[in-house]
1. Could you give the alpha-carbon Rg of region 25-81 over 2.2 N^0.38 Å, rounded to two decimals?
2. Looking at region 17-122, what % of the alpha carbon pairs are farther apart than 16 Å?
3. Please identify every one of the GluC sites (Glu not before Pro) in region 15-122 that sits in a loop by DSSP and has no more than 11 other beta carbons within 10 Å of its own beta carbon.
4. Between the DSSP loop rule and a limit of at most 16 other Cβ atoms within 10 Å, which trypsin sites (Lys or Arg not before Pro) in region 23-112 are left?
5. Between 47, 99, 77, whose Cα lies farthest towards the positive end of the dipole of region 15-122 when Lys and Arg beta carbons carry +1 and Asp and Glu beta carbons carry -1, centred on the Cα centre?
Amino acid sequence: MPVRRSVLAMGLVLLTACAAQPPAPDTAALDQWLRRYVDLLNSADEAGLAAHLNRSGTTDASDRISRYGRRGLVVDGITKTSEFERVYRVRIEATAADGQRVTMDETAEWDGARWMVAPLTA
């Protein structure tokens, strides 16, 4: 009987561990999220960008707008490299309205429900 309980307990632990895993990241959704990010930068929508970044109440959105906003960025390409499970190094290559090339490097993480990027550093 003790062996049977051990096997049952192990099965429950495995089932719980498998059920607790968040859904796998959708990298196509990441591309859409990043393109929306660029649109918010172009429009300098600070409140919208803060909500998109899930960082209301911080200066991250205004810092990003100061660095990249209002430039008429057109995304030329997005490359993603998986750093480890659910974390990607992302490079957004864009051209500004004045013809200047702009490269934005981000670290994106899938938390099981949404994409997030690390705060902008100085």
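1. 1.12
2. 58 percent
3. 85
4. 70, 86
5. So the residue furthest toward the plus end is 99.
Computed from the coordinates by the stated procedures, all read-outs in this text should not be read as laboratory data. Please read these numbers as outputs of a predicted model, since none were measured by experiment. Please note: Cβ atoms are built from the backbone with ideal geometry, for glycine as well, and neighbour counts cover all protein chains shown.
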